[in-house]
């Protein structure tokens, strides 16, 4: 997959508010190529059952901040 | 003990002598500042050297010790701070022209903790611009040079710190590690570099950072010193919700326990692929050495590493968000490597970011599962040794790789996965390649098990071929 120069330059112009020349875009290209290559690797990965790893814990008793060293 | 003899010691060697009044923090700091001044033209490790302030701090600590107010092993010890960690009243540039005049009002939490422990801050250390790369070849403040071979990079982004520790300028330096930026200078400069568990150390005051996976960790000349530093840094910070309120153990307690019976997982995929031959030889020899000390090495599989590149997609997206205000106001002040690499993140779509985060979760689960069967994973820290400063590309295993800027990533391929999973990892010197450049051995533990890294690291350190080796700039 390759995204056209016009699309990429339009995104920078509209979202970032400045012009990116064709020469500058060539300097960004390796990063975009990497991104597109990784997307292709993810194609066969089933992600519908993956849960968030977020975990909030309430500090309690001797697990709280004080008295644990660190200072 | 006088002059450079003092500076080539370690924190754990000096601390009892400072406590006993045999070594003066003032004399130690004066010697460190003189050495820093002599090394600066050769290594370019500092952006701001704090001569007077450091001496004043050393005098305060010396007087406190004389009054019987001993704070612990860091008291009176000269250290360096990476210049992306906020220091109250002291310029904090992040290595960029964009923030060349930035003076924070408050210390980063880690800086506050170091000061509270009595450490003397010698200066703010040079780094990759915005800490966004692995070379420390800074376009605004000049390239940091590797003390083992000054035409080579020290690794990055905390290159000033790694080079200072190796060159015996600082006894420890605080770096930050988003993809390996503590462990890479550790490996390339032949010192110990620790990235502790995500959530173990407060990130408050780490400037212009990522939303996902940054860590603050120490570089030191010994494993014991790494343990001493983490003891000072670790702990819950109620103002940083990424820190976890779990007890902080005594990290030095297990240093002499050895490795008998420890199970070492040696990944059979990803980490040992495409290595510089000298790196693979050194790391395989290190595993044999650990087995001779009583550890048991077993092969392990990490199949989800096939998807590790996805994590970089998320990092690209995070970077553009972080840089958005600076790009708007000061795009022309950016160096090209960081500018064009960062702009790549503008094109990552939201649902691809979500895919990347889910892939990251699967990889985290896999490491958690594997680390139930073994105590540690053992890998090379980097697939190659330090490239030359003037190299835009390196030929590696038959392919051409970018060293810096957009599309680079070879140097950090073995370190960045642990930023995604959050697991603690340490790099230890394990010999030199045929050109005399240091090689790093990486140990990885389950979350919040840093004491295992120190236990195994201290055992290996005693038999490492790097034991007693010093870089050329200090007469090695």
Fill in the blank from the handout: Hits in the range B:284-304: amide N under 14 Å from the 7 Å Cα→Cβ extension of residue B:369, namely B:300-304
Fill in the blank from the handout: Debye calc, one equal point scatterer per Cα of the range B:102-153, no solvent, log10 I(q)/I(0) at q = 0.14, 0.17, 0.29, 0.30 1/Å comes to -0.54, -0.73, -1.06, -1.09
Handout entry: Antiparallel DSSP beta bridges within chain B, as percent of all bridges there, nearest 5
Key = 70
Problem - For the protein assembly as shown: Kirkwood Rh in Å [reciprocal of mean 1/r, alpha carbons] - result: 23.3
Practice task
With a point put 7 Å past each Cα toward its Cβ, work out how far residue B:70 is from residue B:321 in nm, to one decimal.
Solution key: 4.8
Handout entry: Label point distance in nm, residue B:388-residue B:240, each placed 7 Å from Cα along Cα→Cβ
Key = 4.0
Problem - For the range B:114-268, diffusion coefficient by Stokes-Einstein and Kirkwood Rh (Cα), 25 °C, 0.890 mPa s, µm²/s - result: 151
Exercise for the section: Beyond 29 Å, what share of the Cα-Cα pairs of chain B is found? Please give it as a whole percent. Expected result: 42
Fill in the blank from the handout: Distance in Å, no decimals, from the C-alpha centre of the range A:2-32 to the one of the range B:59-76 is 56
Handout entry: MRE, 222 nm, helices only [DSSP H, n ≥ 4, -39500 (n - 2.57), over the protein assembly as shown, to nearest 500]
Key = -11500 deg cm²/dmol
Handout entry: Highest-first arrangement of B:267-280, B:6-19, where packing means the average Cβ count within 10 Å
Key = B:6-19, B:267-280
Practice task
Using the number of other C-beta atoms within 10 angstrom as an exposure proxy, rank B:136, B:202 with the fewest first.
Solution key: B:202, B:136
Handout entry: Stokes-Einstein D (µm²/s) once Rh is taken as the Kirkwood radius of the range A:1-44 over alpha-carbon pairs, at 20 °C in 1.002 mPa s
Key = 190
Problem - Principal axis dimensions, the range B:199-308 - Cα atoms, whole angstrom, descending - result: 44, 38, 24
Problem - Inter-site label distance for residue A:37 and residue B:34 at 7 Å from Cα along Cβ, in nm - result: 5.2
Practice task
For residue B:463 and residue B:349, calculate 0.36 nm times their separation in residues minus their Cα-Cα distance, and state this gained length in nm to one decimal.
Solution key: 36.1 nm
Exercise for the section: Over the range B:3-474, calculate the relative contact order: mean separation of alpha carbon pairs under 8 Å at least 6 apart, over the residue count, as a percent. Expected result: 17
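Any read-out appearing in this document is the output of simple, stated calculations on the displayed coordinates, not a laboratory observation. Quantities reported herein were computed from a predicted structural model and do not represent experimental measurements. With ideal geometry, Cβ positions are generated from the backbone for all residues, glycine too; neighbour counts draw on all protein chains shown.
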